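**Q** First, the structure itself, so that you have it in front of you.
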Amino acid sequence: MGARLKKTVALVGLMGAGKTAVGTALARKLGVPFRDSDAEIVKAANMSIAEIFERDGETFFRVKEAQVIARLLDASPGILSTGGGAFLSPANRTAITRKGVSVWLDADLALLWSRVKHKNTRPLLRTPDPYGTLRELYHTRKTFYARADLAVRADPGYSIDEMADRVFDALRTRPDVLEMT
């Protein structure tokens, strides 16, 4: 049994939720393109997200992020990994729901921290108390992520492929998004 993706699947969630890893595995499973809004911004700006934040600020970055997401949603159906803050924007949420489907990778704070605590590539965590910052982001943002069209609970015991399978199963509940062939 095969499947045909009819709309772009936008993975949302906090940094460390697995949007890129799970998205790549899901795209491979479905035979569709994987796109990463942060990677597209980095490529266009020829600098890292952290450098963009430092040079131009978060507001500038969010404007560029919205432009990139709108462009990627207009492409052929695929899997889209969005930046952790992208879904906070009402315009991004509306665009994603209108042209695709949003899936929240719902990871708890302990799992997120275990995945990001050794990385220095997260500009929002460059603070004197990175765990406290992540905790605050988690509590502030989860109400936005909960507005996603679908939610898939992450578990530390799941492999990347198992998590991709769980997202696939959630998508099967949406025949407007995923057609089983």
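**Q** Could you please find all residues in the stretch 1-14 being over 16 Å from ALA148 (Cβ atoms) and assigned to a loop (DSSP other than H, G, I, E, B)?
**A** Within the stretch 1-14, MET1, GLY2, LYS6 meet the criteria.
**Q** Could I ask something else about it? Being surrounded by fewer than 18 Cβ atoms within 10 Å (Cβ to Cβ), hydroxyl-bearing (Ser, Thr, Tyr) and under 30 Å from GLY157 (Cα atoms) narrows it down to one of SER114, SER102, so name that one.
**A** SER114
**Q** Further, regarding this structure: For the stretch 63-83, name all the residues that are touching a Gly at 6+ places or on another chain (Cβ under 7 Å) and farther than 22 Å from ARG4 by Cα.
**A** GLU65
**Q** Here are VAL152, VAL116: which of them is in contact (Cβ under 8 Å) with a residue 24 or more places away in the chain, out of contact with any His (no Cβ under 8 Å at 6 or more places or on another chain) and farther than 30 Å from GLY57 by Cβ?
**A** Of VAL152, VAL116, the one residue that is in contact (Cβ under 8 Å) with a residue 24 or more places away in the chain, out of contact with any His (no Cβ under 8 Å at 6 or more places or on another chain) and farther than 30 Å from GLY57 by Cβ is VAL152.
**Q** Within the stretch 25-82, count every residue that is hydroxyl-bearing (Ser, Thr, Tyr), under 17 Å from the mean Cα position of the chain (by Cα) and in a loop (DSSP other than H, G, I, E, B).
**A** Adding up the residues that qualify gives 1.
**Q** Would you mention how many residues in the stretch 23-63 are among the hydroxyl-bearing types (Ser, Thr, Tyr), more than 30 Å from ASP161 (Cβ to Cβ) and touching a residue at least 40 places away in the same chain (Cβ under 8 Å)?
**A** Matching residues across the stretch 23-63 total 0.
**Q** From the set of residues in the stretch 124-167 that are over 15 Å from the mean Cα position of the chain (by Cα) and among the aromatic types (Phe, Trp, Tyr), which is surrounded by the fewest Cβ atoms within 10 Å (Cβ to Cβ)?
**A** It comes out as TYR131.
**Q** With ALA70, ALA45, ALA3 as the choices, which residue is touching a Leu at 6+ places or on another chain (Cβ under 6 Å) and more than 23 Å from ALA107 (Cβ to Cβ)?
**A** Just one listed residue meets the conditions, ALA3.
**Q** Does the stretch 141-181 hold any residues that are of a type in the set (Lys, Arg), under 22 Å from ALA95 (Cβ atoms) and not in a helix (DSSP H, G or I), and which are they?
**A** If the condition is that a residue be of a type in the set (Lys, Arg), under 22 Å from ALA95 (Cβ atoms) and not in a helix (DSSP H, G or I), then ARG147, ARG174 are the ones that fit.
**Q** Would you mention how many residues in the stretch 112-129 are at pLDDT 75 or above and in contact with a helix residue (DSSP H, G or I) (Cβ under 8 Å, 6 or more places away or on another chain)?
**A** Of the residues in the stretch 112-129, 6 are at pLDDT 75 or above and in contact with a helix residue (DSSP H, G or I) (Cβ under 8 Å, 6 or more places away or on another chain).
**Q** Sticking with this structure for a sec: I need every pair where a residue in the stretch 70-88 that is in contact (Cβ under 8 Å) with a residue 12 or more places away in the chain and under 25 Å from GLU136 (Cα atoms) has its Cβ under 8 Å from the Cβ of a residue that is of a type in the set (Lys, Arg) and assigned to a loop (DSSP other than H, G, I, E, B), sequence separation at least 6 or different chains.
**A** Within 8 Å, the pairs are PHE87/ARG147.
The values are calculated or read from the model by the stated rules, or taken from the named source; none is laboratory data. Small disclaimer: the values here were computed from a predicted structure and weren't measured. Neighbour counts run over all protein chains shown; Cβ positions are idealised from the backbone, glycine included.
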